[in-house]
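The values are calculated or read from the model by the stated rules, or taken from the named source; none is laboratory data. No experiment lies behind these values; they were computed from the predicted model shown. No Cβ is skipped: glycine too gets one built from the backbone with ideal geometry, and neighbour counts run over all protein chains shown.
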Amino acid sequence: MFRQFESSVVQIFNSSNKIVGTGFLVSEQHILTCAHVVQTALSLEQISKIQKGDKLQVGFPRVAPGKTYNTQVIFWQYDRSSTNLPPADKQDIAVLELENIAPNGVKPVKLATTEDWWEHSFRVFGFPGGVPNGRWARGELLSILGDRSVQIESINNQGYPIVEGFSGAPIWDDTLKSVVGMVIQRDKNPNTKAAFIIPTSSLVEAYPQLITLGAVTQYPKMYVDIDKDSSKATVYLPNSYLDRLIQEILHNHENLAINGEALPIKRTWYQEVDLANMSLVMTENQFKINGSWNFRFREKFPPLHNWMPKRGEFSKQFVIGVENGRLALRESEYQLAVVSGENQMSDFVYGYPKIQNGLETAINEFVDRKLIPIIRQELESLDIRHIIINCMQDEVPSSLETMQQELRNFLEQSINSVSGRVIEGGLIITLQ
């Protein structure tokens, strides 16, 4: 993961081939940086003069040193209410698009959302003073400020402070093992070692396409993007909502042997078999239902002849799509994993393979013939518009409040096509 982070860091050049700032790759063709870095690179007197389509050159020093690549500006946003304050969220952001995909060896970085940064150590790589090889800086993340930027600071006297040249750089959180934001500027007071970053949540609110690009892991909120010109709406449903939906399905069927209820299997040698900890995990173009199982079996050799614990895990994987305005679960894969119990001697006693085979057969039969058909039937019976409306009613983020009625109006229109795909952390639905 960290090597992926290193490869994603980008140099931003001006027309004189001088490095003026930093950026980072968030998809095969998209780079995130600061709007004021773009202004400097284009030698513009006013940031408002930035135009979509403006050309810039960038480099990937960790993978292809000395080479430059063509990009164009496809999005920017900047608005400071006061020059005495650090830029507020959504106010110093630009997105560049590569003319071609990134060179071999460069991997897009993943951004994580969090609300707890306090005293997490961070690393950042930038180009202070335009040094071509770059420099590392490190320190601690503190917490969010009134303008929703996050304060960071160096904690020792040695090493590089975050200065001009680090703007647009990704911040690597050593605790979360992911990028949690982008550097926007250092504190105006030269006697401090503080700087400010825009957190992932604010980057997404400014440019929600980061989610559809697959750049953000486990984004916790629903988002909606309505393009009136093309009569198209894109809706992102987070993993948390779909997970709750499946939990409701499971708990609405009392005959399912979960949450400690025993499975109906033969107990000559074993007892107390149950399923628990059901959860949903979203990955690229598929989702997986995970769970665990527990049981106890009797040792065959006296004087042991005691009930011994054993536990394991299972998962069922689906390829998911959208057909006729409904979810469609296609190919599936089933895995049953055995995890050793408290007494390792139990792995070698007589009869254990027979017990294990019997247990695996019972759980396989239960999951494949009882649990999965119910989940499949319930999910495939849900109209996607109904899912979206329920998600809005359940938890509406502040960024969506002004769009509620607009989205409802859109859903009531005659929609010709509904498509969907699963990304890491959620489901993307396109209505047109």
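Below, the figures for the structure above:
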quantity	calculated
Close pairs from segment 205-224: first within 21 Å of E406 (Cβ to Cβ), partner of a type in the set (F, W, Y), Cβ under 6 Å, at least 6 apart	Y207/F75; P208/Y223; I211/Y219; I211/Y236; Y223/Y236
Criterion: polar (S, T, N, Q), touching a strand residue (DSSP E or B) at 6+ places or on another chain (Cβ under 6 Å) and within 28 Å of N17 (Cα to Cα) - qualifying residue of S154, S167, S178	S167
Filter result for Y241 (within 30 Å of N277 (Cα to Cα), touching a Pro at 6+ places or on another chain (Cβ under 9 Å) and in contact (Cβ under 8 Å) with a residue 60 or more places away in the chain)	no
Qualifying position, being in contact with a helix residue (DSSP H, G or I) (Cβ under 7 Å, 6 or more places away or on another chain) and of a type outside the set (K, R), among A195, A206, A233	A233
Strands (runs of 3 or more DSSP E) enclosed by segment 167-230 - at least 2 residues per element that are over 14 Å from the mean Cα position of the chain (by Cα), assigned by the TED database to the domain that holds L96 and under 21 Å from R3 (Cα atoms)	170-173, 178-186
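This table checks each residue for (1) of a type outside the set (A, V, I, L, M, F, W, C); (2) within 17 Å of G105 (Cβ to Cβ).
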residue: F2; (1), (2): no, yes
residue: N17; (1), (2): yes, no
residue: G21; (1), (2): yes, no
residue: V26; (1), (2): no, yes
residue: L44; (1), (2): no, no
residue: L56; (1), (2): no, no
residue: G59; (1), (2): yes, yes
residue: A64; (1), (2): no, yes
